[in-house]
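Trainee: The structure that follows is given in the form of structure tokens.
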Amino acid sequence: MEQHDRARDDFVPRETWSDDERREAIIQSLPAVDDSTPLAAQLAADARRRIDLSGRRFPRPERTRVLTIANQKGGVGKTTTTVNLAAALAQAGLNVLVIDNDPQGNASTALGVDHRAGTPSVYEVLVEDEDLAAVVQPTERVPRLWCAPATIDLSGAEIELVSLVARENRLRNAIEAYLDARAAAGEDRLDYVFIDCPPSLGLLTVNAFVAAREVLIPIQCEYYALEGLSQLLKNVQLIKNHLNPALHVSTILLTMYDARTNLAQQVAAEVREHFPEQTLRTTVPRSVRISEAPSYGQTVMTYDPGSTGALSYLAAAREIAERAATAAVAQSTGTTTEES
């Protein structure tokens, strides 16, 4: 109500309010709740987030951002994070490509693209020098979102890559050629490329690290999730030193977060203490809806867009996009991120 009163006091007609002012006025009008009613508090938080994020357009990066989503521990939400962040950014008006570099093909399943045996896939790109454009498929449910699928053939690529020339650079070369071809054809450039990795450090993951400039690490809010983090960071540093000097960990996302448990809060606090700049403010909770969505060939962004999980991924996507925009402004003005 404070927003309404301010507008009236200043004699500013409601018709002249910006979209942000209208959103804030609606949010301020929602009834207050406290932690004594956790369900009501969650519903109120979701309502505020839904009002704040619905229909927003996220800022475009100055150039295509290539991010590898990696964690050597399985079950931390790598693929889930990849497809839902990609869908969230595409829904906010950005052009996004997901490269499924995991032989399991789970990202392809969640995006609803064909990845049966014999389908042109990342395997042909890595092993047979096929153009990436020949394997990329549009997703049906989300405009501006494309996927390069993985088939079962990719499971043999680790062995076949060993004898090939420049084996660590094959995915990077394919992505660069694809981006150049889009530009030459006058197509709108991609804003984000997400590479989903298997939970191991084989040649598939090495190719993903060499192809990217940024690493996004999903961390499950459990004790064991922290054990492999130091080794993962060492591996990123090795790739940086020997194969890709531009590689860096830009983003850490806390997944499967349960605020009711002390362990989740402790893990989150420890990660934020050690990686304050990389860790997103947004956390992704445990969610049945997020788990159900892939069985319908969807991301949670289309399966249940109003759910807590979908809103969390949308908020995380917004934070990723706006951090890049803030960093770009700070770099152009010669200020630090904190000063800006």
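Trainee: Express the carbon and sulfur contribution to the solvent-accessible surface of the stretch 138-257 as a percent, rounded to the nearest whole number, probe 1.4 angstrom.
Mentor: Carbon and sulfur: 55 percent of the exposed surface of the stretch 138-257.
Trainee: With the crude spin-label approximation of a point 7 Å out along Cα→Cβ, what separation in nm comes out for residue 265 versus residue 200?
Mentor: Label-label distance for residue 265 and residue 200, simple model: 4.0 nm.
Trainee: Residue 185 versus residue 291, label points 7 Å from Cα toward the beta carbon: distance in nm?
Mentor: 4.0 nm
Trainee: Simple spin-label model, 7 Å along Cα-to-Cβ: residue 331 to residue 277 in nm?
Mentor: The modelled label-to-label distance comes out at 1.3 nm.
Trainee: Turning to a different aspect of this structure: Rounded to the nearest whole Å², what accessible area per residue is found for the stretch 184-340 with the 1.4 Å probe?
Mentor: Accessible area per residue, the stretch 184-340: 46 Å².
Trainee: Tell me which GluC sites (Glu not before Pro) from the stretch 204-285 have a DSSP coil assignment and no more than 13 other beta carbons within 10 Å of their own.
Mentor: Passing sites in the stretch 204-285 are 277.
Trainee: Report the accessible area of residue 179, computed with a 1.4 Å probe over the heavy atoms of all protein chains in place, in Å² rounded to the nearest 10.
Mentor: Rounded to the nearest 10, that gives 40 Å².
The values are calculated or read from the model by the stated rules, or taken from the named source; none is laboratory data. Predicted, not measured: the structure shown is a model, and the values here were computed from it. Because the Cβ atoms are built from the backbone with ideal geometry, glycine has one as well, and the counts that use them run over all protein chains shown. In case anyone asks, the SASA skips ligands and DNA or RNA and just uses the protein heavy atoms, side chains included. Shrake-Rupley method; radii C 1.70, N 1.55, O 1.52, S 1.80 Å.
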